[in-house]
Every structure is written in structure tokens, then in C-alpha cells.
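This report concerns only the one structure given below.
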Amino acid sequence: MSTVQDIRTSRGDRVSIVAFIAAGVLLAAWSVIAAAVAIAEAAGNRDVRVLADFAGTPAQAPIGPGGAAREVELVTAYVTAPQLPAASFAALILREALGAGVVVAIVVCLVWLALNVLRGRIFSRTNTTLVATATIGGLIAWAAIALLNTMVANGAIARISDRDFDNPVMSLPLQPLLLLAFAASIVVTAFTVGDRMRRDTEGLV
């Protein structure tokens, strides 16, 4: 009995899916290694280098004739703090661990989804759950990581300036966040509708 759920994949599709799975495994492994290296480098909490956002802070850069200094507007820059406050240091460790964990979780969901597609099962409750977990969960985690990064950066700046520099910048760009949320809702809705069509079709067979 053939349903909307059971679809035969071509050889080219199978090759593409297997390549996608291999790339996902490599990405997950790289994310874990990168997080481990970042945590190891920051473990001593000495001379910690972090990326910080600035609210159009004026700065000097050697971009004039003969390398003369000219004023520029600072948007992002790496800063090195001699030591991070305890809360910022904990946020840094949590940020790296959460980032690697999220990548691994998303890869697991998408690899599971790819294996189901490889078996000819595209629309199902399981696949809908996998897509929802990967998209919505990843979106929430991305926002959490951005907030943690803000804690790390502001803690570094506070330590460098002895709390004499006010930098109320939040590393959470709303436009990309809203765009990702819109894309995630479309993908989840598509799989939900597809699964409903599959169940309706099976009921007619």
C-alpha cells in the first residue's frame, strides 16, 4: 500500500542525503572541539579575549595619510580583560558549552530527519517534532547565547575600565531573530500540514 508518507528516493538523492549526514557529523565534532579549546584557553581566567559590541563609540584608527590617526565609529572590537568577573566567567563557560550542545542537538535532529527521508518517510509526527525541535529550539538557544555573550563582553569592559565606561549594548540583533523566527514557523507549518495530509490520505485508503 502506497501513501504520501512512503516515497522512493533516487540514487542521487540518497548520495546527497548521505553527504549531508557526513557534513553534519563533522560540524558537530568541530563545534565540540572549538568549544573545548575556547574553554581551555579561558580556564585560568587571565587575559581573556572577547568580542564586544559598542554603541557607536568613537575611536582612533591609523587610516589617514602616512598612517595618521583618524576618528572612526567603533561597532565591534576584541578586548582583552586581565580577569573576568565571576558571573561573566561563568557566562563564558556556559556560552561555549551551550553553543556546542545546541549544534550537536540540531545535527542529531537533522540527521535523524535525513535518515527518515532516506527510508522514504518524509511527513510524519516524528519528522514534524524533529523539525520543530531543531528550528524553534535552535532559535531560543541562539537568543540565549547572544545574552550570555553580552554578559561576557560587558563584564570584560567593566573590568578593563574599572566600571567607568557605560556600554549598554545588547548583543541580540532583532531583525535576524525575527527573520529566523519567521522561517522556523514556515518550516514547522509545512511539515505539520504535510503530516496532516498524510494522515488524511491514509484514512482514505
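Things to note:
- Residue check for Ala134: under 26 Å from Asp53 (Cα atoms), among the hydrophobic types (A, V, I, L, M, F, W, C) and buried (at least 21 other Cβ atoms within 10 Å of the Cβ): no
- Screening the range 44-73 for residues that are open to solvent by 30 Å² or more (accessible area, probe 1.4 Å) and touching a helix residue (DSSP H, G or I) at 6+ places or on another chain (Cβ under 9 Å) and picking the one that is modelled with the lowest pLDDT gives Asp53.
- Residue match in the range 19-30 (condition: open to solvent by 60 Å² or more (accessible area, probe 1.4 Å), aromatic (Phe, Trp, Tyr) and farther than 29 Å from Leu148 by Cβ): yes
- Tallying residues that are within 14 Å of the chain's Cα centre (by Cα) and open to solvent by less than 30 Å² (accessible area, probe 1.4 Å) within the range 103-123 yields 1.
- Every condition in (1) in contact (Cβ under 8 Å) with a residue 40 or more places away in the chain; (2) more than 21 Å from Leu139 (Cα to Cα); (3) open to solvent by less than 60 Å² (accessible area, probe 1.4 Å) holds for Pro82 except the one numbered (3).
- First in the range 54-71 and closer than 26 Å to Asn154 by Cα and of a type in the set (Gly, Ala, Ser), second anywhere and open to solvent by less than 100 Å² (accessible area, probe 1.4 Å) and assigned to a loop (DSSP other than H, G, I, E, B), Cβ under 6 Å, 6 or more apart: Ala55/Val169
- Test: Val152 is modelled with pLDDT under 80, closer than 26 Å to Ile106 by Cα and in a helix (DSSP H, G or I): no
- For Asp166, the conditions (1) modelled with pLDDT of 85 or more; (2) of a type in the set (D, E, K, R); (3) not in a helix (DSSP H, G or I) all hold with the exception of (1).
The values are calculated or read from the model by the stated rules, or taken from the named source; none is laboratory data. Here the structure is a predicted model, which means the values were calculated and not measured. Glycine gets a Cβ as well: all are built from the backbone with ideal geometry, and neighbour counts include every protein chain shown. The area values use the complete protein model at the heavy-atom level, side chains included, leaving out ligands, DNA and RNA. Shrake-Rupley method; radii C 1.70, N 1.55, O 1.52, S 1.80 Å.
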